[in-house]
Amino acid sequence: PLPVLGQVVAASIDTFNIFHQGIDVVPAPRASDKTAGFCRTLRRRLAQFERTGGGIIIAHFDQGSLVQDLNIPHISPVGGFDPDTGEVTILDVDTSQMYPYTVSFNRFCRAVSTNYLHLFHLFGYGRGGYIYIRTE
């Protein structure tokens, strides 16, 4: 679940004394009227990452939304963003994905905004989101 991922990332960064300004655990909003703001902030952070290298994003998303695989909660770091085309590069940790792949920003935002299948709710997986490691 996203909150647990946030704890693991924070503990890992602290254990290895990796410089950072803070960690934001950003769950996808439940209310549809907040989705536009969520996506605007995510796009701004992706653009900042591409422009300055500041801020690292680990996406928590529905894997089947981006690749032909099961529709299950999944995590992977973002490797890049092209502000001109709007493409997001995913460094997928799944060994079945041989190479990084790109998806449109809109598709990426939908994937991290997914309300997971109700069966996953029993295990603490409600919605997607992302971890933002502030480096500036």
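Of the chymotrypsin sites (Phe, Trp or Tyr not before Pro) in region 1-76, the ones in a loop by DSSP (not H, G, I, E or B) with at most 16 other beta carbons within 10 Å are Phe16, Phe19. From the square roots a ≥ b ≥ c of the eigenvalues of the alpha-carbon gyration tensor of region 71-112, which class results: rounded (a/c under 1.5), prolate (a/b over b/c), or oblate? Verdict is oblate for region 71-112. The Cα atoms of region 31-75 give a gyration tensor whose axes a ≥ b ≥ c have a/c of 1.5 or more with a/b no greater than b/c, which makes the shape oblate.
Could you check the spin-label model distance between Ser12 and Arg40? Points 7 Å from the Cα along Cα→Cβ, value in nm. Inter-label distance under the simple model: 3.2 nm. Compute the label zone of Ser104 within region 29-60: residues whose backbone N is under 19 Å from the point 7 Å along Cα-to-Cβ. Those under the cut-off are 35-44, 46-47. Rounded to the nearest whole angstrom, the semi-axes of the ellipsoid equivalent to region 1-108, taken from the Cα gyration tensor as √(5λ), stand at 20, 18, 16, largest first.
Only the coordinates and a few stated rules stand behind these numbers; no lab work does. On a predicted model such as this, the values are computed, not experimentally measured, just so you know. Quick reminder, even Gly has a Cβ in these numbers, built from the backbone with ideal geometry, and neighbours come from all protein chains shown.
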